[in-house]
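*Asks:* Quick one: structure below, then a few questions.
The values are calculated or read from the model by the stated rules, or taken from the named source; none is laboratory data. All of these numbers come straight from a predicted model, not from anything done at the bench. Every residue, glycine among them, receives a Cβ derived from its backbone with ideal geometry; neighbour counts consider all protein chains shown. Calculation scope for accessible area: heavy atoms of the full protein, side chains included, ligands and nucleic acids excluded. Shrake-Rupley method; radii C 1.70, N 1.55, O 1.52, S 1.80 Å.
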Amino acid sequence: MAALAALTADAAARQARPAPTTEATAPRQAGEPIMAIVSIGSQQVTFYDAEGGILRAPVSTGTTGRETPAGVFAIIEKQKDHHSTLYDDAWMPNMQRITWNGIALHGGPLPGYAASHGCVRMPYDFAEKLFDKTWIGMRVIISPNDAAPVEFSHPALFVPKAKALAAAAVRAEPLAHEAAETAKTADEAKKAAATAAREAASLTAPLRKLEWLKTRADAELAFADKTLAAAKTDQAKARAEELKQKAAAKAAEAGTQLDRAKADAKSKLDAAAAVKDAAKAAETKKAAAAKAASEAKLTLEPVSVYISRATQKLYVRRNTHKPWPDGGEVFDATIEVPVTIRNPDKPIGTHVFTAMARNDAGLRWTAVTIDNGDDAKDALDRITIPQDVLDRIAPTALPLSSIIVSDEPLSRETNYRTEFVAVLNNQPQGGFLMRRPSVNVPVASGNYWGDDGFGFFFPRNWNSQPPNTRPRAGQYNQPMQQLWRW
């Protein structure tokens, strides 16, 4: 009976597991992948290009207590041959990181059910095949249930202007050249200022010596005066007079040398100050040119926007493609502004709108919804994006641009080396919360363009995922229209 009970329990466990999903490839030429959607419920991942799905494969997500977090992510780092620093040097080939605290997509064993420590395991060959196709900043959506992009249009979505795009492209190259020239000029001015400062500093010792010699000559002259005044005989007076004349000549010469040295020093100090001022001006011009060149270059990059009902803010990210020494690339995060959301106490859901390709209207968009709340259209209807922000980013919006609307705040994993990370608070997060959080890192504030050319940052401790107090209507399980089938 015990054996029969064990067999029955084992059979029940196998029955509760999702049926293994075989890999599938769309019957057409695949383009560049734009996003990946991981379904925790059906244990599969699907990659999409501008025309729809291109690759699908089974996965193994986090087991109970170590669940893979549902939410919105992006690839922030890739390593071909990665070994875990958390789990006994475990091999995680073709690793594509989506959080700095260790959640990633990678090749791994697939038992047919959720079994990882929080990562998304993919078939080894599948992970290898995808590794060179994906890119830093590519969207990764992890959904509690099946979700897919659907064609979508709305007046709030960015509509680029052909003239603005052409002007941005024309403007970027000369500004980059100007930035390089001003940087060269600033470096030369800095070297000249350093040389002038050294020369000015080198005058200090000779001046002190001349001042000492002048003081000594004056003392000798004063002593000669006293000697002359004390002389009693003609012979003594004659000797004293001779000593006084010599001391006076010596004192006069010392004074002349000191005055000449002081005049020379003042001239060189004034020149050094002028060179220093010129170097400061050159540095200011360099910073302004770098800022202008960076802004021009960023307008040629896809823009990502995150709108949070929790914080009532709008955030903007663009990839600068500048590598960070500790891994990943730096994302510009210089726009962070308040946003107006109608009925701010009402859930809005989590929706990802993506510009898949150009079309006659400007851009062709899709929408993916992974959390309950308003539908995608009603969510955008409730939001008023500041006009100055629209003027700044909409005219040059490109394919791969995106707008994310969510009830959630940005996770503490969002920093200068990430695009956006937002985790659904109404879903298990064991594999995310149990990991050590990323170190306190700088993030953008306000609307200030920094002198470094990719934003101004200051340390902040993000409130990672505060307790969820929003009313919920249960799990989101509305069937979604597929763009493609096979």
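*Asks:* Of everything in the range 101-114, what is in contact (Cβ under 8 Å) with a residue 40 or more places away in the chain and over 16 Å from A70 (Cα atoms)? Give them in sequence order.
*Replies:* G108, P109, L110, P111, G112, Y113
*Asks:* Of all residues in the range 25-43, how many are without any contact (Cβ under 8 Å) to a residue 24 or more places away in the chain and in a strand (DSSP E or B)?
*Replies:* Number of matching residues: 0.
*Asks:* On the given criteria, is I348 surrounded by fewer than 18 Cβ atoms within 10 Å (Cβ to Cβ), under 21 Å from G71 (Cβ atoms) and of a type in the set (V, I, T)?
*Replies:* Taking the combined requirement at face value, the residue does not satisfy it.
*Asks:* I've got another one for you. L363 - would you say it is not in a strand (DSSP E or B) and not hydroxyl-bearing (S, T, Y)?
*Replies:* Here the answer is no, as L363 does not meet what is asked.
*Asks:* What's the number of the only condition in (1) buried (at least 21 other Cβ atoms within 10 Å of the Cβ); (2) assigned to a strand (DSSP E or B); (3) out of contact with any Gly (no Cβ under 9 Å at 6 or more places or on another chain) that A289 fails to meet?
*Replies:* (2)
*Asks:* Being touching a strand residue (DSSP E or B) at 6+ places or on another chain (Cβ under 7 Å), surrounded by 22 or more Cβ atoms within 10 Å (Cβ to Cβ) and not in a strand (DSSP E or B) is the filter here; which residues of the range 292-307 pass it?
*Replies:* L298, V303
*Asks:* So which residues in the range 257-276 are open to solvent by 60 Å² or more (accessible area, probe 1.4 Å) and either in contact (Cβ under 8 Å) with a residue 24 or more places away in the chain or over 20 Å from S202 (Cα atoms) (or both)?
*Replies:* Q257, K262, D264, K268, L269, K276
*Asks:* Any chance the range 308-317 includes a residue that's in a loop (DSSP other than H, G, I, E, B), surrounded by fewer than 21 Cβ atoms within 10 Å (Cβ to Cβ), modelled with pLDDT of 95 or more and not hydroxyl-bearing (S, T, Y)?
*Replies:* Within the range 308-317, one or more residues are in a loop (DSSP other than H, G, I, E, B), surrounded by fewer than 21 Cβ atoms within 10 Å (Cβ to Cβ), modelled with pLDDT of 95 or more and not hydroxyl-bearing (S, T, Y).
*Asks:* If you take the residues in the range 53-83 that are out of contact with any Gly (no Cβ under 6 Å at 6 or more places or on another chain) and of a type in the set (V, I, T), which one is surrounded by the fewest Cβ atoms within 10 Å (Cβ to Cβ)?
*Replies:* The extreme case among them is T64.
*Asks:* Right, another one. Just the residues that are open to solvent by less than 50 Å² (accessible area, probe 1.4 Å) and farther than 27 Å from A265 by Cβ, please, taken from the range 183-211.
*Replies:* Those that are open to solvent by less than 50 Å² (accessible area, probe 1.4 Å) and farther than 27 Å from A265 by Cβ: A183, A186.
*Asks:* Checking G373 against (1) touching a strand residue (DSSP E or B) at 6+ places or on another chain (Cβ under 8 Å); (2) open to solvent by 20 Å² or more (accessible area, probe 1.4 Å); (3) over 18 Å from A70 (Cβ atoms); (4) of a type in the set (G, A, S), which single condition isn't satisfied?
*Replies:* Unmet condition: (3).
*Asks:* Pairs only if they're at least six apart or on different chains, beta carbon under 6 angstrom, first in the range 158-173 and touching a residue at least 60 places away in the same chain (Cβ under 8 Å), second among the small types (G, A, S) and open to solvent by less than 60 Å² (accessible area, probe 1.4 Å); list them, first residue then second.
*Replies:* What qualifies is F158/A394; F158/A397; V159/G362; P160/G362; P160/A397; R171/A296; A172/A296.
*Asks:* Among the strands (runs of 3 or more DSSP E) contained in the range 95-182, which hold 1 or more residues that are polar (S, T, N, Q) and open to solvent by less than 50 Å² (accessible area, probe 1.4 Å)?
*Replies:* Those strands (runs of 3 or more DSSP E) span 139-143.
*Asks:* A231: free of Cβ contacts under 8 Å to residues at least 40 places away in the same chain, more than 60 Å from the chain's Cα centre (by Cα) and open to solvent by less than 80 Å² (accessible area, probe 1.4 Å), yes or no?
*Replies:* Answer is yes for this residue.
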